[in-house]
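Have a look at the structure below, then the notes.
Where a number appears in this text, it was derived from the coordinates with a stated rule and is not lab data. Since the model is a prediction, treat every value here as computed from it, not as a measurement. Cβ coordinates were reconstructed from backbone atoms using ideal geometry, including for glycine residues, and neighbour counts include every protein chain displayed.
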Amino acid sequence: MAIKEYRLTKEWPYHVSCGGVVYRSQDDKLEVMLLVRRDGSFDIPKGTLHFGETLEGCALREVEEESGQTAEIAGYLGSGLAEGVDKNSGAKISKATHYFALKWVSDTGTHDNEYDRTEWITAEEAQGKLKASSAEIVRRLLEFTRLFSNQA
């Protein structure tokens, strides 16, 4: 069986994911798109890098698959590294996730079933609804848009 993704296995503990924060300007406020699960928890889109795919391509694909939104890359927001144990296999894992500032383009009207819906809220509100690691990426987006205001 050929491996098609940079996903951890029992023999290989390394995993690479990409995603980011989709944003738009609405009534002179910066809004971000969050994914919402049926249990009411929030997240930003991200997922596993496929072989032969660029980091940017992965981020854009994951956004469209999980949210039904299309976006364009506005900039790089850095990466995060998580070390731990995979809850399914019990294998040690080293997961690197690369994040991008993703300027919203359109809504396709369809998305996969990983999340129930999307919600647009201000970036400041989003930070209070997300886990610390994802809230940090939204903070980086706010810094990015302040430094590069022509990107917002």
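Here are the numbers:
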item: Three-way shape label, the range 14-62, alpha-carbon gyration tensor, a/c 1.5; result: oblate
item: Computed E for GLU72/ARG139 - FRET, C-beta separation, R0 22 angstrom, nearest 0.05; result: 0.55
item: Shape category assigned to the range 37-100 from the gyration tensor of Cα positions, a/c cut at 1.5; result: oblate
item: Contour excess over end-to-end distance, with Cα ends at LYS131 and VAL105 and 0.36 nm allotted per residue; result: 6.8 nm
item: Fraction of beta bridges assigned by DSSP in the range 14-151 that are antiparallel (%, nearest 5); result: 75 percent
item: FRET efficiency, 1/(1 + (r/R0)^6) with R0 30 Å, evaluated for PHE51 and GLU124 via beta carbons; result: 0.20
item: Additional length obtainable on full extension of the chain from SER79 to ASP112, 0.36 nm per residue less Cα span; result: 9.4 nm
item: Whole-Hz ³J(HN,Hα) from phi, Karplus 6.51 cos²θ - 1.76 cosθ + 1.60, for the range 85-97, glycine and proline x; result: 10, 5, 5, 8, 9, x, 6, 5, 9, 10, 10, 9, 10
item: Amide hydrogen neighbours beyond the local backbone of GLY20, cut-off 5 Å, H modeled; result: PHE100
item: Neighbour-count order for ARG117, ARG24, fewest beta carbons within 10 angstrom listed first; result: ARG117, ARG24
item: Between helix 55-67 and the chain: long-axis angle, C-alpha atoms, 0 to 90°, nearest 10; result: 70 degrees
item: In nm, spacing of pseudo-spin labels at ASP39 and PHE148 (7 Å Cα→C-beta vector); result: 3.5 nm
item: Too-long pairs where the Cα-Cα distance tops 20 Å, listed order kept, from LYS10/LYS87; LYS46/LYS95; LYS4/LYS103; result: LYS4/LYS103
item: Sorted by Cβ density within 10 Å, fewest first, the residues LEU102, LEU49; result: LEU49, LEU102
item: Helix-only mean residue ellipticity at 222 nm for the chain, each DSSP H run of n ≥ 4 adding -39500 (n - 2.57), per residue, nearest 500; result: -7500 deg cm²/dmol
item: Shape box of the range 14-151 [Cα atoms, principal axes, largest first, Å]; result: 47, 32, 31
item: Angle in degrees between helix 132-147 and the longest Cα principal axis of the chain, rounded to the nearest 10; result: 40 degrees
item: Amide hydrogen neighbours beyond the local backbone of ALA74, cut-off 5 Å, H modeled; result: ALA101, LEU102, LYS103
